[in-house]
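The structure appears right after this line, and notes come after that.
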Amino acid sequence: MADRQYVALPQNVEQAEFTTAVRKFTEILGADNVLTAEEQLLPYMKIMMPVDEAQHAPSAALIATEVEQIQRIVRVCNEHKIPIWPISTGKNLGYGSAPPGSRGQVVLDLKRMNRIIDVDPVLCTALVEPGVTYQQLYDYIHERKYPLWLSMPAPSAIVGPVGNTLDRGVGYTPYGEHFMFQCGMEVILPNGDILRTGMGGIPNSNTWQVFKWGYGPYLDGIFTQSNFGVVTKLGFWLMPAPDVYKPFAISYPDEADIVSLVDAFRPLRIAGIVPNAMVFVGTLYEASATVRRSQYYTQKGATPAEIIRRIRQEHNIGAWTAYGALYGTKEQVDVSWKIVTDVVRATGKGTIITEEDAGNNPAFRYRADLSRGNMTLREFGLYNWRGGGGSMWFAPVSQARGSETLKQVQMATSILNKHGLDYVGEFIVGGRDMHHIIDVLFDRTDPDEMKAAHTCFGELLDEFNRAGYGVYRVNTAFMDKVAESYGPVQRQVHQALKRALDPNGIVAPGKSGIWV
(Lines give C-alpha, C1' and ligand atoms only; values in the text may rest on other atoms or scores of the structure.)
Protein backbone atom coordinates (compact mmCIF):
# COMPACT_ATOMS: atom_id res chain seq x y z
CA MET A 1 0.00 0.00 0.00
CA ALA A 2 2.98 2.32 0.48
CA ASP A 3 3.30 2.75 -3.30
CA ARG A 4 -0.36 3.54 -3.76
CA GLN A 5 -1.10 6.64 -5.87
CA TYR A 6 -3.65 9.22 -4.79
CA VAL A 7 -5.43 12.00 -6.65
CA ALA A 8 -4.11 14.41 -4.02
CA LEU A 9 -2.56 14.34 -0.57
CA PRO A 10 -3.54 16.35 2.49
CA GLN A 11 -1.32 19.33 3.07
CA ASN A 12 1.82 18.51 5.08
CA VAL A 13 0.99 14.80 5.20
CA GLU A 14 3.42 12.29 3.67
CA GLN A 15 2.08 9.53 1.44
CA ALA A 16 3.07 6.74 3.84
CA GLU A 17 1.31 8.50 6.72
CA PHE A 18 -1.81 8.98 4.61
CA THR A 19 -1.76 5.33 3.52
CA THR A 20 -1.69 4.28 7.18
CA ALA A 21 -4.71 6.49 7.86
CA VAL A 22 -6.56 5.07 4.84
CA ARG A 23 -5.95 1.55 6.16
CA LYS A 24 -7.49 2.56 9.52
CA PHE A 25 -10.45 4.22 7.77
CA THR A 26 -10.98 0.96 5.88
CA GLU A 27 -11.02 -1.00 9.13
CA ILE A 28 -13.75 1.33 10.40
CA LEU A 29 -15.92 1.58 7.27
CA GLY A 30 -15.01 -1.36 5.02
CA ALA A 31 -13.23 -1.09 1.68
CA ASP A 32 -16.38 -0.20 -0.28
CA ASN A 33 -16.85 2.96 1.77
CA VAL A 34 -13.31 4.32 1.48
CA LEU A 35 -12.87 5.84 -1.97
CA THR A 36 -9.45 6.82 -3.27
CA ALA A 37 -9.45 6.02 -7.00
CA GLU A 38 -9.86 8.96 -9.35
CA GLU A 39 -12.99 7.55 -11.01
CA GLN A 40 -14.55 7.07 -7.56
CA LEU A 41 -13.77 10.66 -6.58
CA LEU A 42 -15.14 12.33 -9.71
CA PRO A 43 -18.52 13.14 -8.04
CA TYR A 44 -16.58 14.99 -5.34
CA MET A 45 -14.62 17.06 -7.86
CA LYS A 46 -17.41 18.73 -9.83
CA ILE A 47 -17.48 22.44 -9.17
CA MET A 48 -19.35 25.43 -10.60
CA MET A 49 -16.85 28.08 -9.50
CA PRO A 50 -14.38 29.75 -11.90
CA VAL A 51 -11.35 27.90 -10.55
CA ASP A 52 -9.46 24.78 -11.56
CA GLU A 53 -11.09 21.60 -10.21
CA ALA A 54 -7.63 20.46 -9.11
CA GLN A 55 -7.62 23.16 -6.42
CA HIS A 56 -10.50 21.36 -4.71
CA ALA A 57 -9.58 17.73 -5.45
CA PRO A 58 -10.07 15.45 -2.42
CA SER A 59 -7.53 12.86 -1.38
CA ALA A 60 -10.29 10.39 -0.47
CA ALA A 61 -13.96 10.15 0.39
CA LEU A 62 -15.33 8.32 3.42
CA ILE A 63 -18.95 7.18 3.47
CA ALA A 64 -20.16 6.86 7.05
CA THR A 65 -23.49 5.48 8.26
CA GLU A 66 -23.17 5.53 12.06
CA VAL A 67 -22.23 8.03 14.75
CA GLU A 68 -19.72 5.60 16.25
CA GLN A 69 -17.90 5.43 12.90
CA ILE A 70 -17.50 9.21 12.85
CA GLN A 71 -16.16 9.18 16.39
CA ARG A 72 -13.49 6.68 15.35
CA ILE A 73 -12.74 8.58 12.13
CA VAL A 74 -12.02 11.88 13.88
CA ARG A 75 -9.70 10.10 16.32
CA VAL A 76 -7.72 8.67 13.40
CA CYS A 77 -7.66 12.12 11.83
CA ASN A 78 -6.23 13.63 15.01
CA GLU A 79 -3.59 10.93 15.22
CA HIS A 80 -2.40 11.43 11.63
CA LYS A 81 -3.35 15.13 11.15
CA ILE A 82 -5.79 14.31 8.32
CA PRO A 83 -8.32 17.07 7.45
CA ILE A 84 -11.92 16.03 6.71
CA TRP A 85 -14.60 18.01 4.89
CA PRO A 86 -18.11 16.88 6.00
CA ILE A 87 -20.97 17.05 3.48
CA SER A 88 -24.59 15.95 3.79
CA THR A 89 -26.09 15.72 0.29
CA GLY A 90 -23.32 17.68 -1.44
CA LYS A 91 -25.81 19.66 -3.54
CA ASN A 92 -24.99 23.15 -2.26
CA LEU A 93 -24.84 24.31 -5.87
CA GLY A 94 -23.48 27.80 -6.46
CA TYR A 95 -21.87 27.80 -3.01
CA GLY A 96 -19.27 25.05 -3.49
CA SER A 97 -21.13 21.73 -3.95
CA ALA A 98 -19.43 18.54 -2.73
CA PRO A 99 -15.69 19.20 -3.22
CA PRO A 100 -13.62 20.14 -0.16
CA GLY A 101 -12.58 23.68 0.58
CA SER A 102 -9.00 23.04 -0.49
CA ARG A 103 -6.98 20.37 -2.23
CA GLY A 104 -6.18 17.16 -0.38
CA GLN A 105 -8.87 17.23 2.28
CA VAL A 106 -10.84 14.01 2.82
CA VAL A 107 -14.55 14.29 2.08
CA LEU A 108 -16.68 12.84 4.89
CA ASP A 109 -19.85 11.94 3.01
CA LEU A 110 -22.90 11.58 5.28
CA LYS A 111 -25.53 10.95 2.59
CA ARG A 112 -26.16 7.39 3.83
CA MET A 113 -26.90 8.65 7.32
CA ASN A 114 -30.44 9.20 6.13
CA ARG A 115 -32.72 8.15 8.95
CA ILE A 116 -35.82 10.14 9.79
CA ILE A 117 -35.67 9.54 13.52
CA ASP A 118 -38.90 11.22 14.53
CA VAL A 119 -41.74 13.34 13.20
CA ASP A 120 -44.31 14.44 15.79
CA PRO A 121 -47.57 15.48 14.06
CA VAL A 122 -48.97 16.95 17.28
CA LEU A 123 -46.06 19.13 18.37
CA CYS A 124 -45.00 19.63 14.72
CA THR A 125 -41.32 18.68 15.16
CA ALA A 126 -38.81 16.54 13.32
CA LEU A 127 -35.43 14.97 14.09
CA VAL A 128 -33.33 13.78 11.15
CA GLU A 129 -29.84 12.74 10.11
CA PRO A 130 -27.66 14.68 7.61
CA GLY A 131 -28.41 12.52 4.56
CA VAL A 132 -32.19 13.01 4.74
CA THR A 133 -33.41 15.02 1.74
CA TYR A 134 -36.43 17.28 1.66
CA GLN A 135 -38.00 14.91 -0.87
CA GLN A 136 -37.54 11.97 1.51
CA LEU A 137 -39.07 13.89 4.41
CA TYR A 138 -41.88 15.23 2.20
CA ASP A 139 -42.77 11.66 1.14
CA TYR A 140 -42.59 10.43 4.74
CA ILE A 141 -45.05 13.12 5.89
CA HIS A 142 -47.45 12.60 2.99
CA GLU A 143 -47.45 8.81 3.26
CA ARG A 144 -48.61 9.18 6.86
CA LYS A 145 -51.07 11.96 5.96
CA TYR A 146 -49.64 14.26 8.62
CA PRO A 147 -51.09 17.80 8.30
CA LEU A 148 -47.61 19.33 8.16
CA TRP A 149 -45.73 21.48 5.64
CA LEU A 150 -42.01 21.75 4.98
CA SER A 151 -40.00 24.87 4.28
CA MET A 152 -37.12 24.29 1.90
CA PRO A 153 -34.71 26.25 -0.31
CA ALA A 154 -35.13 26.51 -4.07
CA PRO A 155 -33.30 23.24 -4.99
CA SER A 156 -35.74 21.47 -2.62
CA ALA A 157 -35.95 17.79 -3.54
CA ILE A 158 -32.24 17.00 -3.83
CA VAL A 159 -30.96 18.90 -0.79
CA GLY A 160 -31.63 18.37 2.89
CA PRO A 161 -32.64 20.26 6.04
CA VAL A 162 -29.42 19.56 7.93
CA GLY A 163 -27.03 21.00 5.36
CA ASN A 164 -29.25 23.93 4.46
CA THR A 165 -29.92 24.90 8.08
CA LEU A 166 -26.25 24.63 9.03
CA ASP A 167 -25.37 26.97 6.17
CA ARG A 168 -28.16 29.29 7.36
CA GLY A 169 -30.11 28.89 4.15
CA VAL A 170 -33.65 30.10 3.74
CA GLY A 171 -37.02 28.93 2.42
CA TYR A 172 -40.21 30.58 1.25
CA THR A 173 -42.94 29.62 3.73
CA PRO A 174 -43.61 31.41 7.04
CA TYR A 175 -40.99 29.02 8.49
CA GLY A 176 -38.44 30.15 5.90
CA GLU A 177 -35.76 31.39 8.29
CA HIS A 178 -34.58 27.82 8.82
CA PHE A 179 -32.11 28.31 11.65
CA MET A 180 -34.74 30.24 13.60
CA PHE A 181 -36.94 27.12 13.53
CA GLN A 182 -34.12 24.69 14.33
CA CYS A 183 -34.29 23.07 17.77
CA GLY A 184 -31.53 20.85 19.13
CA MET A 185 -28.60 19.16 17.43
CA GLU A 186 -26.19 16.31 18.01
CA VAL A 187 -22.56 17.13 17.25
CA ILE A 188 -19.46 14.95 17.11
CA LEU A 189 -16.73 17.20 18.44
CA PRO A 190 -13.26 16.97 16.88
CA ASN A 191 -12.03 14.87 19.83
CA GLY A 192 -14.81 12.32 19.28
CA ASP A 193 -17.08 13.40 22.14
CA ILE A 194 -20.83 13.66 21.50
CA LEU A 195 -22.52 16.96 22.33
CA ARG A 196 -26.30 17.28 22.37
CA THR A 197 -27.28 20.93 22.50
CA GLY A 198 -30.24 22.53 24.29
CA MET A 199 -32.34 20.04 26.22
CA GLY A 200 -30.51 17.12 24.62
CA GLY A 201 -28.04 16.95 27.49
CA ILE A 202 -30.76 15.80 29.91
CA PRO A 203 -30.99 11.98 30.05
CA ASN A 204 -34.33 10.70 28.71
CA SER A 205 -35.39 14.25 27.80
CA ASN A 206 -38.60 14.58 25.78
CA THR A 207 -38.13 18.33 25.27
CA TRP A 208 -35.09 18.29 22.94
CA GLN A 209 -37.12 19.34 19.89
CA VAL A 210 -39.52 21.72 21.64
CA PHE A 211 -37.31 24.08 23.71
CA LYS A 212 -34.32 25.60 21.96
CA TRP A 213 -32.31 27.11 24.77
CA GLY A 214 -31.58 24.55 27.47
CA TYR A 215 -29.37 26.00 30.21
CA GLY A 216 -26.31 28.24 30.03
CA PRO A 217 -24.85 29.79 26.87
CA TYR A 218 -26.71 28.89 23.68
CA LEU A 219 -24.36 26.76 21.55
CA ASP A 220 -26.26 25.76 18.42
CA GLY A 221 -25.23 28.87 16.51
CA ILE A 222 -21.50 28.16 16.69
CA PHE A 223 -22.02 24.98 14.70
CA THR A 224 -23.60 26.82 11.75
CA GLN A 225 -21.33 28.04 8.94
CA SER A 226 -18.43 26.72 10.99
CA ASN A 227 -15.97 23.87 11.38
CA PHE A 228 -16.20 23.17 15.09
CA GLY A 229 -17.73 19.69 14.80
CA VAL A 230 -19.73 17.26 12.67
CA VAL A 231 -23.49 17.55 13.10
CA THR A 232 -25.13 14.11 13.00
CA LYS A 233 -28.70 14.93 14.08
CA LEU A 234 -30.80 18.06 13.72
CA GLY A 235 -34.18 18.91 15.21
CA PHE A 236 -36.51 21.51 13.74
CA TRP A 237 -40.11 22.68 13.74
CA LEU A 238 -42.63 21.97 11.00
CA MET A 239 -45.47 24.21 9.90
CA PRO A 240 -49.06 23.09 10.55
CA ALA A 241 -50.95 22.91 7.26
CA PRO A 242 -53.24 25.97 7.00
CA ASP A 243 -56.91 25.77 6.04
CA VAL A 244 -56.38 28.18 3.14
CA TYR A 245 -53.30 28.98 1.06
CA LYS A 246 -53.37 31.88 -1.39
CA PRO A 247 -50.24 32.58 -3.47
CA PHE A 248 -50.13 35.77 -5.49
CA ALA A 249 -47.87 37.81 -7.75
CA ILE A 250 -47.78 41.47 -8.71
CA SER A 251 -46.08 42.54 -11.93
CA TYR A 252 -44.52 46.00 -12.19
CA PRO A 253 -43.44 47.48 -15.55
CA ASP A 254 -40.51 49.77 -14.70
CA GLU A 255 -37.12 49.04 -13.17
CA ALA A 256 -37.47 52.00 -10.78
CA ASP A 257 -40.68 50.47 -9.36
CA ILE A 258 -38.62 48.28 -7.03
CA VAL A 259 -38.10 51.27 -4.72
CA SER A 260 -41.77 51.90 -3.95
CA LEU A 261 -42.53 48.18 -4.13
CA VAL A 262 -40.27 47.28 -1.20
CA ASP A 263 -41.44 50.24 0.86
CA ALA A 264 -45.09 49.31 0.25
CA PHE A 265 -44.77 45.69 1.30
CA ARG A 266 -42.19 45.91 4.09
CA PRO A 267 -44.82 46.96 6.68
CA LEU A 268 -46.97 43.97 5.72
CA ARG A 269 -44.02 41.64 6.27
CA ILE A 270 -43.07 43.16 9.63
CA ALA A 271 -46.69 43.03 10.79
CA GLY A 272 -47.06 39.42 9.64
CA ILE A 273 -49.92 40.22 7.26
CA VAL A 274 -47.83 38.60 4.54
CA PRO A 275 -46.26 35.89 6.70
CA ASN A 276 -43.69 34.50 4.26
CA ALA A 277 -40.64 36.19 2.77
CA MET A 278 -41.69 38.30 -0.20
CA VAL A 279 -39.54 37.86 -3.29
CA PHE A 280 -39.06 40.63 -5.86
CA VAL A 281 -37.77 38.99 -9.03
CA GLY A 282 -35.90 40.78 -11.82
CA THR A 283 -36.58 40.21 -15.52
CA LEU A 284 -33.86 37.71 -16.39
CA TYR A 285 -34.35 35.69 -13.20
CA GLU A 286 -38.06 35.46 -14.00
CA ALA A 287 -37.44 34.74 -17.69
CA SER A 288 -35.17 31.78 -16.98
CA ALA A 289 -38.25 29.63 -16.33
CA THR A 290 -39.02 29.64 -20.06
CA VAL A 291 -36.35 31.59 -21.98
CA ARG A 292 -32.78 30.82 -23.06
CA ARG A 293 -30.32 33.59 -23.89
CA SER A 294 -29.35 31.86 -27.13
CA GLN A 295 -32.91 32.35 -28.41
CA TYR A 296 -32.26 36.10 -28.51
CA TYR A 297 -28.53 36.72 -28.42
CA THR A 298 -25.54 34.53 -29.24
CA GLN A 299 -22.66 36.97 -29.01
CA LYS A 300 -20.21 37.05 -26.12
CA GLY A 301 -20.53 39.70 -23.47
CA ALA A 302 -23.47 41.09 -21.51
CA THR A 303 -26.95 40.83 -22.97
CA PRO A 304 -27.88 44.30 -24.35
CA ALA A 305 -30.62 46.26 -22.59
CA GLU A 306 -32.77 46.31 -25.73
CA ILE A 307 -32.73 42.50 -25.83
CA ILE A 308 -33.85 42.36 -22.19
CA ARG A 309 -36.70 44.77 -22.97
CA ARG A 310 -37.70 42.60 -25.94
CA ILE A 311 -37.78 39.50 -23.74
CA ARG A 312 -39.92 41.40 -21.26
CA GLN A 313 -42.41 42.44 -23.92
CA GLU A 314 -42.63 39.14 -25.80
CA HIS A 315 -43.09 37.05 -22.67
CA ASN A 316 -45.22 39.52 -20.73
CA ILE A 317 -42.70 39.72 -17.89
CA GLY A 318 -42.49 42.69 -15.57
CA ALA A 319 -39.33 44.59 -14.83
CA TRP A 320 -40.04 43.25 -11.33
CA THR A 321 -42.48 40.57 -10.23
CA ALA A 322 -43.36 40.39 -6.54
CA TYR A 323 -44.35 37.02 -5.07
CA GLY A 324 -45.97 36.36 -1.72
CA ALA A 325 -48.62 34.17 -0.12
CA LEU A 326 -51.30 34.23 2.55
CA TYR A 327 -52.02 31.42 5.01
CA GLY A 328 -54.70 30.71 7.62
CA THR A 329 -58.44 30.38 7.91
CA LYS A 330 -60.67 31.70 5.13
CA GLU A 331 -61.60 34.67 7.31
CA GLN A 332 -57.95 35.52 8.00
CA VAL A 333 -56.94 35.21 4.35
CA ASP A 334 -59.90 37.29 3.16
CA VAL A 335 -58.99 40.15 5.49
CA SER A 336 -55.28 39.98 4.59
CA TRP A 337 -56.06 39.82 0.86
CA LYS A 338 -58.05 43.06 1.08
CA ILE A 339 -55.07 44.73 2.77
CA VAL A 340 -52.70 43.47 0.07
CA THR A 341 -54.90 44.61 -2.80
CA ASP A 342 -55.43 47.99 -1.16
CA VAL A 343 -51.65 48.43 -0.91
CA VAL A 344 -51.19 47.56 -4.58
CA ARG A 345 -53.88 50.05 -5.63
CA ALA A 346 -52.25 52.73 -3.49
CA THR A 347 -49.00 52.36 -5.44
CA GLY A 348 -50.86 53.45 -8.55
CA LYS A 349 -49.49 50.67 -10.72
CA GLY A 350 -48.92 46.94 -10.67
CA THR A 351 -50.91 44.04 -12.06
CA ILE A 352 -52.19 41.57 -9.47
CA ILE A 353 -51.95 37.92 -10.54
CA THR A 354 -53.79 35.23 -8.57
CA GLU A 355 -53.36 31.49 -8.92
CA GLU A 356 -56.47 31.41 -11.11
CA ASP A 357 -55.12 34.21 -13.31
CA ALA A 358 -51.75 32.51 -13.70
CA GLY A 359 -53.10 29.15 -14.86
CA ASN A 360 -50.15 26.98 -15.87
CA ASN A 361 -47.61 29.79 -16.02
CA PRO A 362 -44.35 28.00 -15.06
CA ALA A 363 -42.79 30.96 -13.24
CA PHE A 364 -45.89 31.44 -11.05
CA ARG A 365 -46.23 27.70 -10.48
CA TYR A 366 -42.60 27.50 -9.35
CA ARG A 367 -43.01 30.29 -6.81
CA ALA A 368 -46.33 28.90 -5.59
CA ASP A 369 -44.72 25.49 -5.05
CA LEU A 370 -41.87 27.03 -3.04
CA SER A 371 -44.27 28.98 -0.83
CA ARG A 372 -46.37 25.83 -0.34
CA GLY A 373 -43.41 23.57 0.54
CA ASN A 374 -43.83 21.44 -2.59
CA MET A 375 -40.83 19.82 -4.24
CA THR A 376 -39.57 21.57 -7.39
CA LEU A 377 -36.33 21.66 -9.37
CA ARG A 378 -37.28 24.54 -11.65
CA GLU A 379 -34.58 26.73 -10.04
CA PHE A 380 -32.02 24.90 -12.16
CA GLY A 381 -33.51 26.50 -15.26
CA LEU A 382 -31.25 29.41 -14.33
CA TYR A 383 -28.25 27.38 -15.43
CA ASN A 384 -29.67 27.10 -18.92
CA TRP A 385 -29.91 30.87 -19.34
CA ARG A 386 -26.27 31.23 -20.33
CA GLY A 387 -25.07 27.61 -20.43
CA GLY A 388 -21.62 26.28 -19.63
CA GLY A 389 -22.21 25.14 -16.05
CA GLY A 390 -20.73 28.09 -14.14
CA SER A 391 -22.59 29.62 -11.19
CA MET A 392 -21.80 31.55 -8.02
CA TRP A 393 -24.40 33.11 -5.73
CA PHE A 394 -23.65 36.64 -4.58
CA ALA A 395 -25.84 37.42 -1.58
CA PRO A 396 -25.41 40.79 0.16
CA VAL A 397 -27.74 41.80 2.99
CA SER A 398 -29.22 45.23 3.58
CA GLN A 399 -32.04 46.96 5.40
CA ALA A 400 -35.46 46.37 3.86
CA ARG A 401 -35.77 49.87 2.46
CA GLY A 402 -36.66 50.77 -1.09
CA SER A 403 -33.77 53.22 -1.16
CA GLU A 404 -31.36 50.29 -0.89
CA THR A 405 -32.60 48.52 -4.01
CA LEU A 406 -32.03 50.50 -7.16
CA LYS A 407 -28.52 51.62 -6.23
CA GLN A 408 -27.57 47.99 -5.58
CA VAL A 409 -29.03 46.88 -8.90
CA GLN A 410 -27.16 49.62 -10.72
CA MET A 411 -23.90 48.85 -8.93
CA ALA A 412 -24.17 45.11 -9.57
CA THR A 413 -25.26 45.52 -13.19
CA SER A 414 -22.37 47.88 -13.92
CA ILE A 415 -19.79 45.45 -12.50
CA LEU A 416 -21.32 42.38 -14.13
CA ASN A 417 -21.70 44.04 -17.53
CA LYS A 418 -18.13 45.35 -17.40
CA HIS A 419 -16.99 41.73 -17.23
CA GLY A 420 -19.39 40.58 -19.95
CA LEU A 421 -21.94 39.01 -17.60
CA ASP A 422 -25.65 39.58 -16.95
CA TYR A 423 -27.55 40.79 -13.91
CA VAL A 424 -29.80 37.87 -12.89
CA GLY A 425 -31.16 38.84 -9.51
CA GLU A 426 -33.96 39.10 -6.98
CA PHE A 427 -34.59 40.68 -3.59
CA ILE A 428 -35.99 38.69 -0.66
CA VAL A 429 -37.62 40.78 2.07
CA GLY A 430 -37.56 38.75 5.26
CA GLY A 431 -38.98 41.56 7.38
CA ARG A 432 -36.51 44.17 8.53
CA ASP A 433 -33.71 42.71 6.42
CA MET A 434 -33.43 42.17 2.69
CA HIS A 435 -31.26 39.67 0.83
CA HIS A 436 -30.15 40.62 -2.65
CA ILE A 437 -29.62 37.31 -4.45
CA ILE A 438 -27.62 37.45 -7.69
CA ASP A 439 -26.65 34.38 -9.69
CA VAL A 440 -23.32 35.09 -11.40
CA LEU A 441 -23.68 32.80 -14.42
CA PHE A 442 -20.80 32.03 -16.78
CA ASP A 443 -19.39 29.41 -19.15
CA ARG A 444 -16.88 27.12 -17.43
CA THR A 445 -15.73 25.83 -20.82
CA ASP A 446 -14.57 29.32 -21.84
CA PRO A 447 -11.21 30.25 -20.20
CA ASP A 448 -11.77 33.98 -20.79
CA GLU A 449 -15.22 33.86 -19.20
CA MET A 450 -13.84 31.86 -16.27
CA LYS A 451 -11.23 34.54 -15.63
CA ALA A 452 -13.80 37.32 -16.05
CA ALA A 453 -16.23 35.66 -13.61
CA HIS A 454 -13.55 35.26 -10.95
CA THR A 455 -12.46 38.88 -11.24
CA CYS A 456 -16.08 40.04 -11.36
CA PHE A 457 -17.04 38.19 -8.17
CA GLY A 458 -14.09 39.64 -6.30
CA GLU A 459 -15.02 43.12 -7.49
CA LEU A 460 -18.64 42.63 -6.41
CA LEU A 461 -17.46 41.69 -2.93
CA ASP A 462 -15.07 44.65 -2.73
CA GLU A 463 -17.46 47.30 -4.03
CA PHE A 464 -20.46 46.16 -2.01
CA ASN A 465 -18.29 45.92 1.10
CA ARG A 466 -17.07 49.48 0.54
CA ALA A 467 -20.71 50.54 0.32
CA GLY A 468 -21.42 48.90 3.69
CA TYR A 469 -22.92 45.60 2.55
CA GLY A 470 -21.79 42.14 3.65
CA VAL A 471 -22.76 38.79 2.16
CA TYR A 472 -24.37 36.18 4.39
CA ARG A 473 -23.05 33.13 2.49
CA VAL A 474 -20.38 32.55 -0.11
CA ASN A 475 -18.77 29.77 -2.14
CA THR A 476 -15.63 28.00 -0.95
CA ALA A 477 -13.32 29.91 -3.31
CA PHE A 478 -14.02 33.26 -1.58
CA MET A 479 -14.49 32.30 2.09
CA ASP A 480 -11.27 33.88 3.32
CA LYS A 481 -12.03 37.12 1.51
CA VAL A 482 -15.49 37.38 3.04
CA ALA A 483 -14.23 36.46 6.53
CA GLU A 484 -11.69 39.27 6.26
CA SER A 485 -14.45 41.75 5.37
CA TYR A 486 -16.13 41.18 8.74
CA GLY A 487 -13.11 42.52 10.61
CA PRO A 488 -10.17 41.12 12.57
CA VAL A 489 -11.84 40.76 15.98
CA GLN A 490 -14.61 38.46 14.76
CA ARG A 491 -12.02 36.38 12.93
CA GLN A 492 -9.86 36.17 16.05
CA VAL A 493 -12.84 34.95 18.11
CA HIS A 494 -13.59 32.27 15.51
CA GLN A 495 -9.96 31.20 15.57
CA ALA A 496 -9.94 31.02 19.38
CA LEU A 497 -12.99 28.75 19.33
CA LYS A 498 -11.36 26.62 16.63
CA ARG A 499 -8.16 26.21 18.60
CA ALA A 500 -10.08 25.29 21.74
CA LEU A 501 -12.36 22.71 20.10
CA ASP A 502 -10.15 21.47 17.25
CA PRO A 503 -6.48 22.16 18.06
CA ASN A 504 -5.27 19.93 15.22
CA GLY A 505 -7.54 21.64 12.71
CA ILE A 506 -8.98 18.41 11.34
CA VAL A 507 -12.60 19.45 10.66
CA ALA A 508 -13.10 21.44 7.43
CA PRO A 509 -10.04 23.71 7.62
CA GLY A 510 -10.85 27.05 6.04
CA LYS A 511 -14.62 26.73 6.22
CA SER A 512 -16.00 30.29 6.51
CA GLY A 513 -12.39 31.49 6.63
CA ILE A 514 -11.79 29.76 9.99
CA TRP A 515 -8.34 28.23 10.47
CA VAL A 516 -6.39 27.04 13.52
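The values are calculated or read from the model by the stated rules, or taken from the named source; none is laboratory data. In this text, all values refer to a predicted model and were calculated from it rather than measured experimentally. Cβ placement follows ideal geometry from the backbone for every residue including glycine, while neighbour counts extend to all protein chains displayed. Just the protein is used for accessible areas: all its heavy atoms, side chains included, with ligands, DNA and RNA removed. Shrake-Rupley method; radii C 1.70, N 1.55, O 1.52, S 1.80 Å.
Observations, loosely collected:
- Computed from Cα positions, the angle between helix 134-143 and the longest principal axis of the chain comes to roughly 80 degrees.
- All Cα-Cα separations within segment 136-290 were binned at 5 Å from zero, giving a P(r) of 2, 7, 14, 16, 17, 15, 11, 8, 5, 3, 1, 0, each value a whole percent of the pairs.
- For Ala31 and Glu355, the difference between the fully extended length at 0.36 nm per residue and the C-alpha to C-alpha distance is 111.4 nm.
- Using the empirical formula 2.2 N^0.38 Å as the baseline, the Cα radius of gyration of segment 353-474 reaches a ratio of 1.16.
- Percent accessible area from carbon and sulfur atoms, segment 62-196, protein chains only, probe 1.4 Å: 51
- Largest first, the residues His56, His419 sort by 1.4 Å accessible area into His419, His56.
- Relative contact order of segment 381-510, pairs being alpha-carbon contacts under 8 Å that are 6 or more residues apart, as %: 27
- Residues listed by number, segment 80-100, amide nitrogen under 13 Å from Lys46 label point at 7 Å toward C-beta: 90-94, 97-99
- Span per principal axis, largest first, for the Cα atoms of segment 10-113 (Å): 36, 30, 23
- Using the Cβ-Cβ distance between Leu219 and Ile270 with R0 set to 22 Å, the FRET efficiency works out to roughly 0.15.
- For segment 222-324, the mean projected area of the C-alpha convex hull, equal to one quarter of the hull surface, is 11.4 nm².
- With all protein chains modelled, accessible area of Trp85 [1.4 Å, Å²]: 20
- Ordered by solvent-accessible area of protein heavy atoms (1.4 Å probe), largest first, the residues Ile270, Ile352, Ile437 come out as Ile270, Ile352, Ile437.
- Rounded if a/c under 1.5, otherwise prolate or oblate - segment 300-416, Cα gyration tensor axes: prolate
- Projected area averaged over orientations for the chain, convex hull of C-alpha atoms, nm²: 24.1
- A Förster radius of 35 Å, combined with the Cβ-Cβ distance separating Val244 from Leu123, puts the computed FRET efficiency at roughly 0.90.
- On Cα atoms only, tilt of 488-501 relative to the major axis of the chain in degrees: 40
- Based on Cα contacts under 8 Å between residues 6+ apart, segment 329-434 shows a relative contact order of 16 percent.
- Computed over the chain, relative contact order equals 16 percent, with contacts defined as Cα pairs under 8 Å that lie 6+ residues apart.
- Ellipticity at 222 nm from helices only: DSSP H runs of n ≥ 4 in the chain, each -39500 (n - 2.57), divided by the residue count, give -10000 deg cm²/dmol.
- If R0 equals 45 Å, the separation of the Cβ atoms of Glu53 and Ala346 corresponds to a calculated FRET efficiency of about 0.30.
- Taken as Cα centroids, segment 49-98 and segment 261-318 sit 37 Å apart, rounded to the nearest whole angstrom.
- Accessible area in the full protein assembly, largest first, 1.4 Å probe, for Met239, Met199: Met199, Met239
- Considering only segment 26-140, percent of DSSP beta bridges that pair antiparallel, nearest 5: 45
- Axis of helix 447-466 versus longest Cα principal axis of the chain: the two differ by about 80°, to the nearest ten degrees.
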